[in-house]
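Laboratory data are not the source of any read-out in this text; all were calculated from the coordinates shown. Note that the coordinates shown come from a computational prediction; the quantities given were computed from them, not determined experimentally. Here Cβ is always computed from backbone atoms with ideal geometry, including for glycine, and neighbour counts include all displayed protein chains.
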Amino acid sequence: MSFPSGLLTPDALGQMLGFPVQQVSEVQTFTGHADRIARLFVEGELSAGRAATLIAKVYGPAWYADGLSELRFYRELLPRTPGLPVPGLLGYWDDGPAQECVLLLGDLSPAYQPLSFPPPSAVLERMADVLAAFHAAWWDVPELQAPAFQRPDLDVTRMPQALDAAGLAVHAQAARQATASFLEQQELTWRERALLERLAAHWPAVFRQRVALGHLTLIHGDLHLMGNVFHSADGAEVRIIDWATIKRGLGAHDLMFMLISADTPDRLKRDTALIQRYHAGLREAGVSNYSLEQCLYDYRLSLLTNLFQATLQGSLRWFRKTALLVELWDSADLLPADLLTR
């Protein structure tokens with residue numbers, strides 16, 4: 001069908017939803033990985049003839065790859081991951097030649113709400129359980145070798161993507177360029193500069209060796225708590241949004257990225273307990289050949305990898321936040337010797 005870019009008309013929505021829409025109005029807009037994200041008030045047959053709201057994500061040429069990735073998640077990958085708590089896909093539209101697509105998703109409000117900080121312990125524990133079940137469902141499955149999972153990402157979330165040697169070389173080059181720019185533009189302490197220089201020198205070989213070991217899975221790739229995780233009032237139920245950055249990687253990366261913004265005075269104790277809970281969940285789901293020591297290693301390697309995301313974003317704040325956590329884990333003596341020189 002013909003769908004003018006950025007225009008959500010009743011006729012177009014009706015064709016995507018599969019029933020007549022009499023009226024549509026924009027209630028709220030959001031920022032994210034799309035040209036336009038809006039909560040729409042739709043009057044039609046969406047809810048037994050009553051008016052209802054939904055979330056529309058409009059991807060134009062600049063964001064088209066992300067839109068296709070999220071659409072692929074909903075159409076191909078989600079059916080293979082039963083029970084994953086995400087909003088439902090109500091309808092979609094894809095125009096390859098024009099490089100535009102639209103996703104219509106269920107509105108999580110008012111049953112679910114964004115996290116406030118500090119996040120409740122019940123929500124973090126529930127998320128650890130959800131991630132364990134999600135990752136276990138995709139643990140080392142042959143489909144992760146498909147070409148779609150072997151193309152290097154171009155987003156700032158690219159660095160945890162597990163690729164072959166050629167693909168990892170592409171990411172390593174991007175990391176070197178970002179590191180050089182970051183070192184030139186940011187006023188770093190000598191310790192921060194030394195850490196980043198060691199990372200740039202040793203990370204490619206360390207990460208390549210880790211990928212070759214296996215124990216890989218499908219990851220969300222951008223599982224931050226500042227808008228991508230919603231929860232019920234009692235914290236017993238969660239919902240995860242924004243699945244455009246899915247990739248093959250280390251499961252511990254999703255857990256690390258989720259926790260990095262969740263400050264707490266007893267962070268090491270809290271995070272260690274959640275890692276152990278996550279690992280126990282993997283074992284309960286049938287992942288039997290993945291040790292807790294390897295899970296801890298992967299968590300810290302993911303912290304180091306996240307330093308590159310901060311440099312790709314040009315964010316001194318998130319670089320320093322991650323670097324402090326790297327030092328905290330170094331001081332805990334819970335892990336093997338320095339991963340940067342292994």
Calculated FRET efficiency, Q276 and R75, Cβ-Cβ r, R0 25 Å, to nearest 0.05?
-> 0.10
Counted neighbours (other Cβ, 10 Å), sorted fewest up, put W329, W243 in the order W329, W243
Would you indicate which of [x] 20.8, 64; [y] 22.0, 79; [z] 22.9, 98 is the value of Rg and Dmax of the Cα atoms in Å derived from the coordinates of this structure?
-> [x]
The ³J(HN,Hα) series, computed from each phi in the range 12-25 with the Karplus coefficients 6.51, -1.76 and 1.60 at θ = phi - 60°, rounded to the nearest Hz and given as x for glycine or proline, is 5, 5, x, 5, 6, 7, x, 8, x, 10, 7, 8, 9, 9
Point-to-point label distance, R198-Q28, nm (Cα→Cβ direction, 7 Å offset) = 4.5 nm
Would you kindly state how much longer the chain becomes between D95 and E143 on full extension, computed as 0.36 nm times their sequence separation minus their alpha carbon distance, in nm to one decimal?
-> 14.7 nm
In debye, nearest 20, what is the charge dipole magnitude of the range 113-341 about its Cα centre with +1 on Lys and Arg Cβ and -1 on Asp and Glu Cβ, if you could check?
-> 300 debye
Of all DSSP beta bridges having both residues in the range 10-106, the percent classed as antiparallel (nearest 5) is 100 percent
Working out 0.36 nm times the residue gap between W190 and S261, then minus their Cα-Cα distance, what length gain in nm do you get to one decimal?
-> 23.1 nm
Going fewest to most other Cβ atoms within 10 Å around each Cβ, T53, T9 line up as T9, T53
Given the C-alpha centroids of the range 249-267 and the range 161-239, what is the distance between them in whole angstrom?
-> 13 Å
In percent, how large is the relative contact order of the range 237-310, given Cα pairs closer than 8 Å and 6 or more residues apart?
-> 49 percent
Partner lysines for K269 [C-alpha distance under 20 Å; skip if fewer than 8 residues away on the same chain] = K321
